[in-house]
1. Under 11 Å from the Cβ of F100, count the other residues' Cβ atoms, weight Lys and Arg +1, Asp and Glu -1, and hand me the total.
2. Can you tell me the alpha carbon radius of gyration of the chain divided by the globular rule-of-thumb value 2.2 N^0.38 Å?
3. If R₀ is 35 angstrom, what is the calculated FRET efficiency for the pair A280 and A65, using the beta carbon separation as r and rounding to 0.05?
4. Enumerate the amide H contacts of L161 below 5 Å, restricted to partners 5 or more residues apart or on another chain; note that Pro and chain-start residues carry no placed amide H.
5. Taking the number of other C-beta atoms within 10 Å as the exposure measure, put H88, H289 in order starting with the fewest.
6. Under 27 Å Cα-Cα from K96, which lysines qualify once same-chain neighbours fewer than 8 residues away are excluded?
7. Take the Cα pairs of the stretch 164-314, get the Kirkwood Rh, then feed it into Stokes-Einstein at 10 °C and 1.306 mPa s and tell me D in µm²/s.
8. So what's the gap between the Cα centers of the stretch 77-131 and the stretch 279-308, to the nearest angstrom?
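Just so you know, all these numbers are worked out from the coordinates, no wet-lab data involved. Computed from a predicted structure; not experimentally measured. Cβ: placed from backbone, ideal geometry, glycine included. Neighbour counts: every protein chain shown.
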Amino acid sequence: MLVETELTRRVPAQRAFSGLAEFSSESCPNEPPECPPMIADGVAPSLLEQVEAEWMYRVEGGAPAHVRAALGMSSTRLGGGVVLGMRHDPTGYWNKALGFGFEAPVDSDLVGQICEFYRSLGAPSAVLQFAPSVLPDNWDEIRAAHGLEPGEVWIKMAHDLSSIGVPETDLRLAEVEPREAARWASALLRGFDMPEEGLSDMFAVVVGQPGFRCYCARDGEEIVAVGNVLIMGDTAAMWGASTLAPHQRRGAQSALLVTRLRVAKAAGCRLVLAETGKEAPGERNPSFHNLRKAGFAALYERLNWVWRPSSARR
């Protein structure tokens, strides 16, 4: 099985590496049905949430020591989920806690421990993500007590690998080799308008690590788009897809999606999972439409809960 987090240059940083949009013929013309029953009935929220948590933990937790020191990084496993921190996060994205509610209940004690982690770290803010099915009846009381405010909505999606298209682009697709890791990381971050300092080294060490398969689209020798996948037995996580602005609308991301779906199937995966940001009124999220075009179906919405030191009750 495989999880994808699609990033798009036009989506703000907090939504970039990512939620259920209003699906209609107007907003999604000529796209697949919203959710085939076999997918809706066969994917447990625990899988969707914990696989996403795992790829993020491996990427952030595997950062080199000098990067962790410079960015003030810390991470821990707690209550079946992960808590990821970056004191000097230049993007507002990397302080995130997720994967909870399946090995231990979501309660005030758990939320308090998560918030205390970020308070002790000195994080400027953090996002807590919980599947709606794990929130207790008194969630409003709990989140208010800890100063959590509602944020953006993400869409959790799935693909059953029963039908995969053919890559169509004039760009050249290839798997990234370790010697190209720095160029790949640079393109990944520039595609999101994220700063390269520190973050580039965090990503570069991923290339060639067990389970990580990193792909790119080239115009000549230049890497102009990237898309990646983490294979974990019969489960995997696709993550980190971006395209440099001058090379958008050339089919790079659609082709990289299909390429990674094929890689997942060849590796023995049975299901592909994904998440991306819900479209705000008047906004178009290209990542969402690329996923739908590739055959992904929507499963559920997940609301982000934002913690800030100034809003937290003591």
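1. On the way: positive: R77; negative: E49, E103, D107.
Net of charged neighbours comes to -2.
2. On the way: Rg = 18.5 Å, N = 314, 2.2 N^0.38 = 19.6 Å.
The value comes to 0.95.
3. Values: r = 39 Å, r/R0 = 1.11.
That gives a FRET efficiency of 0.35.
4. V272
5. Values: H88 13, H289 20.
So the ranking, lowest neighbour count to highest, is H88, H289.
6. Cross-link targets: K156, K278.
7. Working: Rh = 16.6 Å.
The calculation lands on 96 µm²/s.
8. 22
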